[in-house]
1. Candidates (1) 122; (2) 155; (3) 137; which is the computed volume of the Cα convex hull per residue in Å³?
2. Just need the Rg to Rh number for region 56-134, please, alpha carbons only, Kirkwood Rh.
3. Report, in deg cm²/dmol and to the nearest 500, the calculated mean residue ellipticity at 222 nm for the chain, where each DSSP H run with n ≥ 4 adds -39500 (n - 2.57) and the sum is divided by the residue count.
4. Using 0.36 nm per residue of separation minus the Cα-Cα distance, give me the extension gain between Y113 and A70 in nm, one decimal.
5. Rounded to the nearest percent, how much of the accessible area of the chain (1.4 Å probe, protein heavy atoms only) is carbon and sulfur?
6. Sequence-distant or interchain residues sharing an amide H contact under 5 Å with T150, placed H: which?
7. Could you give the dipole magnitude of the chain about its Cα centre, charging the beta-carbon of Lys and Arg +1 and that of Asp and Glu -1, in debye to the nearest 20?
8. Once R0 is set to 35 Å, what does the formula 1/(1 + (r/R0)^6) return for the Cβ-Cβ distance between D134 and A90, expressed as a FRET efficiency to the nearest 0.05?
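The values are calculated or read from the model by the stated rules, or taken from the named source; none is laboratory data. Worth saying up front: this structure is predicted, and the values here are computed from it rather than measured. Positions of Cβ are generated from backbone atoms using ideal geometry, with glycine treated the same way; all protein chains shown enter the neighbour counts. Accessible surface areas use protein heavy atoms only, side chains included; no ligands, DNA or RNA. Shrake-Rupley method; radii C 1.70, N 1.55, O 1.52, S 1.80 Å.
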Amino acid sequence: MTSTIFLTVAIVATAIFLIQFIVSIFFGDIDTDVDADLGSILSFKGLTHFCIGMGWYMYISQGTDITSYAVGILVGLIFVLVLWYLYKKAWQLQKENKPEKLEALQGRECTIYTHDGERYIVQVAVNGALREMDVRSLEGRKYQTGDRTTIVKVEPGIMYIQ
C-alpha cells in the first residue's frame, strides 16, 4: 500500500516537473527566479523536486521502517539542493557576457549619430546594447546625422562605413 502511495507521488511530481519544463521552453522564457534565498528553495518547484527524489527513492527501496523514511527525506532534500544549484548555474550562464570581437561588427547596420570632419560617431548594436563607435567613410562620402549605413571594413583601431 505505501509503495503505491509513493509511486503515485513520484509520478505526479515527475509529471508536474515535465509539464513545467515543456511550458517554459515552448510558451515562455525559462524561469530564472533562482536567488540564493530560502524562498526559492521552499517554492512549488522545490516541493516538486523533493517529491520526485523522495517518492522515487521510497518506491524503489520498498522500505517501511523509520530509517527508510529518514533516508528518503535526505534524498529528497539532496535532490532539491542539487537541482537548485543547477538552476542557479544555468541562470548565471544566461547572464554571462560574451564580448564580441570588432571583426564581428563588419556588415552590421549602424546609424550616424554625429560627425566631425572625416570622423563619424555611429550607434551600433554591440553585445546586445547600442554603443557609440568612431568610424570613417571608406569612399569619402558625406553622411548626415540620422543616416543609416553599414560597417564594411574593420581594421585594428579604425572601422569604415559605406
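1. (2)
2. Ratio of gyration radius to Kirkwood radius for region 56-134: 1.53.
3. -16500 deg cm²/dmol
4. Gain on stretching Y113 to A70: 8.9 nm.
5. That share works out to 62 percent.
6. Residues meeting the amide H criterion: C110, Q162.
7. 240
8. 0.40
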